[in-house]
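Okay, structure first, notes after.
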Amino acid sequence: MTVRPRRSVLYVPGSNPRALAKARTLPCDGLILDLEDSVAPEAKEAARAAVVVALAEGGFAPREVLVRVNACDTEWFEADVSALARIGADGLVLPKAESPEDVLAAAALLAGSDAPPGLPLWLTIETPRGVLASAALAGAHPAVAGLVAGTSDLAKELRARHVPGREPLLHSLSAIVLAARAHGLAALDGVHLALDDESGFAAACRQGRDLGFDGKTLIHPRTIEAANRLFAPDPEEVEAARRLLAAWRAARAGGRGVVVLDGHLVEELHALEAERLVTLADAVAAIRRA
């Protein structure tokens, strides 16, 4: 089982050379080099060129590096995808995905640009139509690797208020996780806009983790440590998972398909989840040692 930590994924404006350089030193699990929302229209082409140069120079490993291109209905979309198809990103993020046709158009453009086979596509779900189509989007093409909740745009489109607990967005957030898991994809929670609201950020991380998200997208480096800590497996849960795995493996070695541990019946489904948790904990520990 291979599990990649995605506890903290930081948006980095492609138009900011200092931010691109600093991103190579940050302790986040992933980066989204952004050509869309954080870049003014007049700076789009310069930002694209800067991101291409930054990726060619490298130095981002072991961080997963994604690039968010402009939406498929914009004048910059085709040039973004064509320029980034072969430059070494770990995947492209499509904003405002609303229909499988959006995904197929991007996949076709990548194929025509000689992109590496299977270059991952990540889809940002940030409109009501996107939420309603999230299951179809998740299964639209084999290259789709993950869904990203775009909570800021989604709240605007829903005319919902940004309130503690995010109650107006809970249905949409759960729909995104459900679609991702139904198709074996990763799922990233949306950003927290109030940078000085440390307790609110922590609560949103815990909520996202409990809903099933793999990690949180971030807009400032100061939030990386908290996201890493709150989306990391709990040590007590990991120890319990190791005990469960040991008991399960012993039962299987003895020809039994179930085992009782601490008064609870353990079946294969529990063992598989325990294995995922232990594998994730080991991957996080490896990052800390690096």
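Out of the stretch 154-203, which residues are modelled with pLDDT under 95 and either among the β-branched types (Val, Ile, Thr) or touching a Cys at 6+ places or on another chain (Cβ under 9 Å) (or both)?
Passing the criteria: only Val163.
Out of (1) touching a strand residue (DSSP E or B) at 6+ places or on another chain (Cβ under 7 Å); (2) in contact (Cβ under 8 Å) with a residue 40 or more places away in the chain, the odd one out for Leu121 is which?
Here Leu121 clears every test but (2).
Take the conditions among the basic types (Lys, Arg), on the phi < 0 side of the Ramachandran plot and buried (at least 23 other Cβ atoms within 10 Å of the Cβ) and apply them to Arg24. Does it pass?
no
If you check Gly190 against the conditions, is it outside the structural domain of Val284 (by TED's automatic domain parsing), within 14 Å of Leu147 (Cβ to Cβ) and surrounded by fewer than 13 Cβ atoms within 10 Å (Cβ to Cβ)?
For Gly190, the condition - outside the structural domain of Val284 (by TED's automatic domain parsing), within 14 Å of Leu147 (Cβ to Cβ) and surrounded by fewer than 13 Cβ atoms within 10 Å (Cβ to Cβ) - is not met.
In the stretch 82-105, which residues are at pLDDT below 95, in contact with a strand residue (DSSP E or B) (Cβ under 8 Å, 6 or more places away or on another chain) and more than 17 Å from Ala54 (Cβ to Cβ)?
If the condition is that a residue be at pLDDT below 95, in contact with a strand residue (DSSP E or B) (Cβ under 8 Å, 6 or more places away or on another chain) and more than 17 Å from Ala54 (Cβ to Cβ), then Asp102 is the only one that fits.
Hey, among the residues in the stretch 249-266 that are surrounded by 10 or more Cβ atoms within 10 Å (Cβ to Cβ) and among the charged types (D, E, K, R), which one's nearest to Glu239 (Cα to Cα)?
Selected residue: Arg249.
One residue is enough: does the stretch 123-143 have a residue meeting the conditions out of contact with any helix residue (DSSP H, G or I) (no Cβ under 7 Å at 6 or more places or on another chain) and within 19 Å of Tyr11 (Cα to Cα)?
yes
Residues Glu42, Glu64: which one is under 22 Å from Ala204 (Cβ atoms) and modelled with pLDDT of 95 or more?
Being under 22 Å from Ala204 (Cβ atoms) and modelled with pLDDT of 95 or more holds for just one of Glu42, Glu64, which is Glu64.
How many residues are in contact (Cβ under 8 Å) with a residue 24 or more places away in the chain and of a type in the set (D, E, K, R) if we restrict to the stretch 230-258?
The qualifying residues number 2.
Take the stretch 19-69 and flag every residue that is part of a strand (DSSP E or B), closer than 29 Å to Ala285 by Cβ and in contact with a helix residue (DSSP H, G or I) (Cβ under 9 Å, 6 or more places away or on another chain).
Leu31, Leu33, Val65, Val67
The values are calculated or read from the model by the stated rules, or taken from the named source; none is laboratory data. This is a predicted model, so every value here is computed, not measured. Cβ atoms come from the backbone with ideal geometry, glycine included; neighbour counts cover every protein chain shown.
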